[in-house]
Amino acid sequence: MSTTSAPATSRRAVRTDGSGVNFARVMRSEWIKVTTLPSTVILLSVTLVVMVGLAALVAWSWATTAQMLADDPSMGPAMGVGNGMDLQAMVYDTPASGALFGQLLIAALAVVLVASEYSTGMIRSTMVAVPTRTPALLAKAIITALVAFVIGVAGAFASFLISQPLLAPENLDFGLDAPWVLPSIINTGTLLAGIAIMGVATGSLLRSTAGGVVTIIGVLFVLPVIIQLISGLADWIPDAARFLPSSAGSQLVATNIADGALNQLEGGLVLGGWAVLLLIVALIVTKRRDV
């Protein structure tokens, strides 16, 4: 007589120690990657120095302009300055004046952080650890944007501090309560965060450090020049140029809004739209494309 034994039931091991992959751990991993690379720390430090240095140069130029106007007030119209109040209002842009080159360095850094993983093959380890892929790219975009935001705000605030002694001899110094100065300092961080997201998305899409850097710099700095050169061909071209990422970013940190230009909120929304759109495309492509 034989007995029939029930087949053994295999059960999948269930993790109960909380050691599985989750978004918080992916974020922590990306934070370690960004903050422990010596090249990243160096480039961020250079960004701060460049932003503050340019602001100091701009402050000095405003002080020099004020001296020239004091000696010869008739030079005002030639310099685009109608009176002392106009010059004072124009000086409020000084803290954010280094954001132009800050964009360049942050965009390049963001591209390198992603594209270098593809060129070295490290991206395969990342995707094995995070099989769904999109959390890894999303975490990198968030961490890079946060770092860029901090650098932007710190750089703009340091620029504000260093510019005051240079402006004070001509009575052009101002406080954080001056019109739009504090929002401009904060928005400088927002601007660099948006550019960082665009850089991460571009690096992910192109997977090439050189190609990604050239592309993002072309979009931010070369494309506006081309648009300006051909603006006379059609009436709609200058209107469309307002919605370029660089133009929108400039308006985001502006303290004086020209007639017909986007205001700070509109500039922020346009720049945010570009960043979100590129990131969504990059997430979709990363999900579907082979590593």
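The values are calculated or read from the model by the stated rules, or taken from the named source; none is laboratory data. If you're wondering where the values come from, they're calculated on a predicted model, not measured in any experiment. Cβ atoms come from the backbone with ideal geometry, glycine included; neighbour counts cover every protein chain shown.
Among the residues of the stretch 171-188, are any under 24 Å from residue 28 (Cβ atoms) and either within 19 Å of the chain's Cα centre (by Cα) or of a type in the set (S, T, N, Q) (or both)?
No, every residue in the stretch 171-188 fails to be under 24 Å from residue 28 (Cβ atoms) and either within 19 Å of the chain's Cα centre (by Cα) or of a type in the set (S, T, N, Q) (or both).
Taking the condition of being touching a Phe, Trp or Tyr at 6+ places or on another chain (Cβ under 9 Å) and either in a loop (DSSP other than H, G, I, E, B) or buried (at least 22 other Cβ atoms within 10 Å of the Cβ) (or both), how many residues in the stretch 161-174 meet it?
Qualifying residue count for the region: 3.
Report yes if some residue within the stretch 36-50 is under 29 Å from residue 177 (Cβ atoms), surrounded by fewer than 18 Cβ atoms within 10 Å (Cβ to Cβ) and at pLDDT 90 or above; otherwise report no.
yes
Please specify each residue of the stretch 117-158 satisfying the condition of being small (Gly, Ala, Ser) and surrounded by 18 or more Cβ atoms within 10 Å (Cβ to Cβ).
The answer is 136, 139, 141, 145, 148, 152, 154, 155, 156, 158.
So which pairs qualify, if the first residue must be in the stretch 78-94 and surrounded by fewer than 10 Cβ atoms within 10 Å (Cβ to Cβ) and at pLDDT below 90, the second must be aliphatic (A, V, I, L, M) and not in a helix (DSSP H, G or I), the Cβ gap must be under 6 Å, and the two must be at least 6 apart or on different chains?
Note: no pairs meet the criteria.
Starting from the stretch 111-139, keep only residues that are within 17 Å of residue 208 (Cβ to Cβ), then list their pairs with residues that are loosely packed, with under 12 Cβ neighbours inside 10 Å and among the charged types (D, E, K, R) whose Cβ atoms are within a distance under 9 Å, requiring at least 6 positions of separation or different chains.
From the stretch 111-139, the pairs are 137/287.
Which residue out of 283, 244, 220 is within 15 Å of the chain's Cα centre (by Cα) and in contact (Cβ under 8 Å) with a residue 40 or more places away in the chain?
Only one candidate qualifies: 220.
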